[in-house]
1. Quick one: with all protein chains in place, what share of the accessible area of segment 90-160 is carbon or sulfur, to the nearest percent (1.4 Å probe)?
2. Arrange the peptides 6-16, 97-107 so that the one whose residues have, on average, the most other Cβ atoms within 10 Å appears first.
Amino acid sequence: MKRKFKVTINNKMYEVEVEEIGTEGTFQEDKMADQETILNKKSEPISAPDSEKAAKVLEKKKEKQKIKEKEGKKVENIKIEEPRSTESVEGKEVKAPLPGIINEIAVVEGQAVKEGDKLLVIEAMKMENEIPSEYNGVVEKILVKKGDTVEGDQPLMIIK
């Protein structure tokens, strides 16, 4: 079963689709199941207190199974917002859309860029994200270098 959620991280909204996958028992659940088996395999009849205990163990196991089913979901799609830009005194700032590491800078200072041209690549969560130019202009200043760690909304370069 797939479900969609809107998640906000660092004031950025992401649309996330999750799909339920199989569940696995935890060590505690296995231990409780073993206790239940031991209680039910006694040679003498089970007394009232023991049967109540077994019922509680079974009930707890079912509750934990439901929790595991809810937690056993994986992220399937994440839509990442495009970088935001703002006007500044020197020009327009290109900001990081998400935190990550600068893998490549595809332009140099003084280079003319058009809307859609690749400016740089940020690696985030083991994925490379190309950051395109949002407008036409000339790269006035590059504020980061290859290998830098950047935060979301951190200015990366200025385009005039």
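1. Carbon and sulfur: 50 percent of the exposed surface of segment 90-160.
2. Result, highest mean Cβ count within 10 Å first: 97-107, 6-16.
The values are calculated or read from the model by the stated rules, or taken from the named source; none is laboratory data. Note that the structure is a prediction, hence the values are computed from the model and not measured. Heads up, the Cβs are rebuilt from the backbone with ideal geometry, glycines too, and the neighbour counts pull from every protein chain shown. Just the protein is used for accessible areas: all its heavy atoms, side chains included, with ligands, DNA and RNA removed. Shrake-Rupley method; radii C 1.70, N 1.55, O 1.52, S 1.80 Å.
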